[in-house]
Structures are given as structure tokens and as C-alpha cells.
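Here's the structure we're looking at; comments come further down.
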Number of protein chains: 2
Amino acid sequence: MNYIGIDIGGTNLKAGLVDEDGLLLAVKTMKIREVSDPDALTDTLVALTRELAQEGGVPMEEIASVGAGVPGVVDIRTGSIVYTCNLPLRNIPLRKLFKRRLGLHLYVENDANCAALAEFHAGAGQGSKRFVTITLGTGIGAGIIHNGKIFHGGNGMAGEVGHTCIDYQGLPCPCGRRGCWEQYASASALKRFTAQAQLGNPDSILARVIREHDGHVSGQSAFMAARLGDPVGQQVCDMYVGYLAAGIANVVNIFQPDTLAIGGGVSNESDEQLLHPLQQLVERETIPCSAGKKTRIVKAQLGNQAGIIGAALLGKKKRI
Amino acid sequence: MNYIGIDIGGTNLKAGLVDEDGLLLAVKTMKIREVSDPDALTDTLVALTRELAQEGGVPMEEIASVGAGVPGVVDIRTGSIVYTCNLPLRNIPLRKLFKRRLGLHLYVENDANCAALAEFHAGAGQGSKRFVTITLGTGIGAGIIHNGKIFHGGNGMAGEVGHTCIDYQGLPCPCGRRGCWEQYASASALKRFTAQAQLGNPDSILARVIREHDGHVSGQSAFMAARLGDPVGQQVCDMYVGYLAAGIANVVNIFQPDTLAIGGGVSNESDEQLLHPLQQLVERETIPCSAGKKTRIVKAQLGNQAGIIGAALLGKKKRI
């Protein structure tokens, strides 16, 4: 059988056709006509499913199920979107709407959990029983696999490690708290640190690197400047990796996963600049345990496609 | 059947005989002759078991199993003590030693997990599927019940929320990190805050309260002074509850338990001074969710006996 996974994003729906092994056979992207209208959203999901099956040369009878990854809170039992922070989606009974139109079962899951599930079955988490992905983007998305299953907590909202306080009375967060980890270790935080360092050091290599990129501050600017020997850029990298390590050490001390993978654009920086210093700091900051039982800190492997592969695997997982 | 639970402490072994419902039938305390000697420790465990059965009028055949709670890291599969922070116990195959002497099966578990299991089955966590106890003592002990089972993580060391950083680059902790929650919200931290406030305010009601208790600074001093209208005492209480709430909000955002119970001596302060302000802060600091799904913050119910009841229930749990 084959599976379809759909990643519901801000302006695009990205869908993939996946085989039994989590291998991606075809990918398709579609603009959402009107994301806030449940019927229009369902229409787009149905159209994507049909076109993707056709494109992959797979008859509809051989599609076992469809999964949707949503950037927000979902009710996995009913297959509904409860709430999303950055999209106007509230209380949408997506499974019901979808089944009525296409007769196929739709699984609905948080997108960070989808990414974790994909890496667990077909990426960096293969062979680990307990596995965590930390995706560094606008915020910090965490997906936690505990004993082979997505860790949901009592109300489906567990695992919000981006919103744990790592700096008491620190920077305010839109969630209402102060000092949340994602204010210090997300890609957005890295860009903010970089922009601040540039302003304070207009003659630095960092400032030059940014000027050469049309004044665009990216998550790469500081790493680029550091590679050119810039102490200002290096300082930003060190500060960022320090904050990243503090939160990852918290996750390790709480979950003790076999493997923890970091994903998102930032994770593509060279191992010398990111992964190795991160591993050293986490090692120093976590409770000592015997070598064979230590959490391995690695990079995620599936990149942007983790979301659709994981969404597709939601159906497969239930069938095993 | 009946069960025996033994709480292995610094100088005492405390044991209890428990029935099928987790009801405590008899309690016995014994000094450890030589805790660092595995054979002497086993001798004491065996003697306690025999005497307790006799005292409770229960023949040995009706003791289903014995459980031991250890303040440290254990290997639950082999029933061994791996490491304890405050006792000279390392790599002791307790189950094997015990079985050889008495023929009864011995379960070995971390003591905070025992307390959580007891409250879950017979105390504040009854009726909750997901339940956390936070015990405020010398450190912070957390016991996490996830879907009815103790949450162990990959290597049996998960759930160390006392050693998560809540204040980046903050106070040093013996674990090697800085800013660990237990440096701010344990009973020891409360005493430290109180002693500092007393030193800085020798004419305060707080200083008078401490003088009246022979100069003894306790976890109660600040609460006592605050009740007498002392702004200095109130400040200490506010600061302490603020730190306590920050870490509890982290635990809620990560685990979303149905119920979270706080235990340890500090938790005996009046609801007006501790539980109510704590509930308000945690409510404000956690990710909003519908009323019926919010974590209930309550007091633990079984006090010092949670450890022995939980140790006893280790055997019962396996039989259900």
C-alpha cells in the first residue's frame, strides 16, 4: 500500500506520496485558496490527494490513508484542528470533512510530531526506541517519540519544550511567559542576536557580510563571519550555541532519549561550528551516565520533507 | 496478598506492610548497620521483612513481593542500585542478594518514583492517567506517571526536572550545571533565601522569628514571619513561589499531566500562602488550554509514608 502525507503551511500545502518504507515517490505543492474556510481547505486536500495518486501512477484503492501535519494543536482522536498560532484555523473537524468527500481516512497530527515520526522511521532516529527532534525555525518545534510512540500528554499538547523558561525573568515571549527557550535558541533568536551584534559593531566582518547580502540578516550571517575569522561573528555563534545547549541538556535530563536530532535551516551549519561544540556543552551539562546509555546528538536527515513523510507515516504506524 | 515496601534512607530503613488497596497495615524503622556493605544491607532488608510480617500477623506465604525505594539511580530490570548521590551505594545487585536469602522477589526503584506511584494509586493522583509529584526537600525529586506507568526514559534516569536550567548562567549546582531549578525551589533553597534575608534585615520580624527558634532557619521561618505581617518574610515567600511556579510551569508545558502534586515539608504551608499563589502563577505561565484539560495543581496526600507505600506497590503494579 501507499500513503499520502500533507504538510499544511502558511500559504502552501505540500504533499507527498510515500511507500511502505517511508520512501518519497512523488511530491506536489498547492497554494491554499482560502485557508480559513474549512470547505475550501478540504477541497484542496482532496484535490492534492487525487493529483498526487495520479502523478505517482497509483490507483486510489492503493492509498491506505492520508495524514495531515498542522502547525498547532490538534485532537488526534477526532482528527480535528483545535488551534494554530500562525494560521486562522480553529476547531475544524478535518477528518470528518475529508472522509465525506473522498472516503479515505485522514490522520491529523502536529507538524513537529510528524517530523519526529519521519526521522524516527526513515531518518536520524532509526534504531532508537526513544527519540527527540528539535526543529530550529521561527520558534522551536519539538517532537518526542517515547517507546516508539508520539508523546502526546494528557491533552495532546505535551512536549512544548520551546516554551520552558531557561532564563528566569528573561525576554518576554508571545506565549505570555518570560525567558522561554525559543526566545534564545530559535532561528529567529539567532537572527536577532546577529542584528544586534551588527549594530554594535558596524566595522566588523559580520557587518560587512550582511552588507554584501543586501543588508539581509540571516541565520547564516554569524557563522559565515566566524568562518572568516571575525570575533564578533564568533561571539554570536558561541552565545547561540550556549543557549541551544542549555535547552537541549534540559530535554536530555528529562527524557534521556537514545538519540536527539536537531533540524531546521540552522542545523545545516558545519559540524565544526555547530554540532561539535553543541555536543561538548550538552555532555558537560547533563547528568553523567555510562557511555553506552548517553544520548547521541545528531543532525536530522530528512530536511524539509520530514513533515510530509511523517504525516504519511501516521497511517502506516497505526497499521503495524 | 500483602506487599512490603522499604524506603532506604540515609541512616534509617523505613518499611511498611501494605494490603491490596495500598493501605498501610504496619510500619517499622531500623537503623542500617553498615549501609556500604551489600551483605549487611541485605541482612537488614531481610530482617525488616520478617519482623514486619510477624508484627502484621501475616504469614510469609502471603507476602507477594517486596519493593525498595532508593535515593538514586537504579536498574529496574536487574533490581540493582547503580548509584546514589548521598549514600555510599554503588552497583549493588540487591534483588539477587535478597532472593538468595529469603526467596522473595524484590523490586528496586528510585524513591521519587515510589512516592509518585503511591500518590497515583492511593493519594493525590487517584483517577489521573498522567500524574507528576514534585517533592521539595534537600533537592527536588520528581516522579512522573505517564499513561499509568512510571516514566523511566531510555536509561532509567529520565525525569530529572530538578536539574533543568531555569536561570541561564545562574547559581552553580553540584551536578555541574548552572541555574538548576533545585537551586531555587528546593527546601534548601528556601532556607538559603531566608538566611540571606535575615542577614540583610536584622531588625525584621523574620530575624525575630528565627531568634525565637534558637537561631534555627527552617523552611517555615519566612512563611511564619509573613503571617505576622512582615514584608521581608513576604518577599522571601514571593520569590520562592515565583521560582517554584517557573519550574512547575515548565513541567506542565512538557508533560501536560492531569494532576501535579507537590510534596515535602514545604507543601504543608497554608493554601493561602503557598498553593493558591502557586496555582495562579502556573495558570498564567502555561500554554492556554480548555478548562477541562488544565493540569490540577494539588498537595500530595501521603506525606512521609508515600515512599514505603509506593515501594510496596511496585510488586502489585506488575501483577495487575
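Key figures
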item: Cα-based shape type of the stretch A:1-134, given that a ≥ b ≥ c are square roots of the gyration tensor eigenvalues and the cut on a/c is 1.5; result: oblate
item: The stretch A:128-300 shape via C-alpha gyration tensor axes, a/c threshold 1.5; result: prolate
item: Per-residue ³J(HN,Hα) for the stretch B:141-150, Karplus 6.51 cos²θ - 1.76 cosθ + 1.60, θ = phi - 60°, Hz, x for Gly and Pro; result: x, 10, x, 10, 10, 10, 6, x, 10, 5
item: Amide hydrogen neighbours beyond the local backbone of residue A:263, cut-off 5 Å, H modeled; result: A:134, A:135, A:136, A:300
item: Relative contact order for the stretch A:133-238, counting Cα pairs under 8 Å that sit 6 or more residues apart, in percent; result: 18
item: Cα-based shape type of the stretch A:232-320, given that a ≥ b ≥ c are square roots of the gyration tensor eigenvalues and the cut on a/c is 1.5; result: oblate
item: Placed amide H near residue B:25: partners under 5 Å, 5+ positions off or other chain; result: B:17, B:18, B:19
item: B:182, A:283 arranged by Cβ crowding within 10 Å, fewest neighbours leading; result: A:283, B:182
item: For the stretch A:43-58, 3J(HN,Hα) per residue [Karplus equation, 6.51 cos²θ - 1.76 cosθ + 1.60, θ = phi - 60°, Hz, x = Gly/Pro]; result: 3, 5, 4, 5, 4, 4, 4, 4, 5, 5, 4, 4, 4, x, x, 10
item: Residue order, fewest to most surrounding Cβ atoms within 10 angstrom, among A:18, B:217; result: B:217, A:18
item: Extension gain, residue B:96 back to residue B:216 (0.36 nm per residue minus Cα-Cα distance, nm); result: 38.8 nm
item: All Cα pairs of the protein assembly as shown, percent lying beyond 43 Å; result: 30
item: The stretch A:226-320: relative contact order in percent, alpha carbon pairs under 8 Å with at least 6 residues between; result: 35
item: Alpha carbon convex hull of chain A, projected area averaged over orientations, nm²; result: 17.2
item: Over chain A: helical MRE at 222 nm, DSSP H runs n ≥ 4 each giving -39500 (n - 2.57), nearest 500; result: -12000 deg cm²/dmol
item: Cα-based radius of gyration of the stretch A:175-242 once divided by 2.2 N^0.38 Å, which approximates compact folds; result: 1.09
item: Summed side-chain charge close to residue A:169 - residues other than residue A:169 whose Cβ falls under 15 Å, Lys, Arg +1, Asp, Glu -1; result: -1
item: Chain A: angle of helix A:275-285 to the longest principal axis, Cα-based, in degrees nearest 10; result: 80
item: Residue pairs, from the table A:14/B:294; A:14/A:96; A:28/A:96; B:191/B:299; B:14/B:96, whose Cα atoms sit over 27 Å apart; result: A:14/B:294
item: Efficiency of FRET from Cβ geometry, residue B:77 and residue B:208, R₀ 51 Å, rounded to 0.05; result: 0.40
item: Exposure proxy ranking, count of Cβ atoms within 10 Å, fewest first, for B:173, A:165; result: B:173, A:165
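Just so you know, all these numbers are worked out from the coordinates, no wet-lab data involved. Because the structure is a prediction, the values reported are computed rather than measured. Ideal geometry is used to build each Cβ from the backbone, glycine not excepted, and the neighbour counts take in all protein chains shown.
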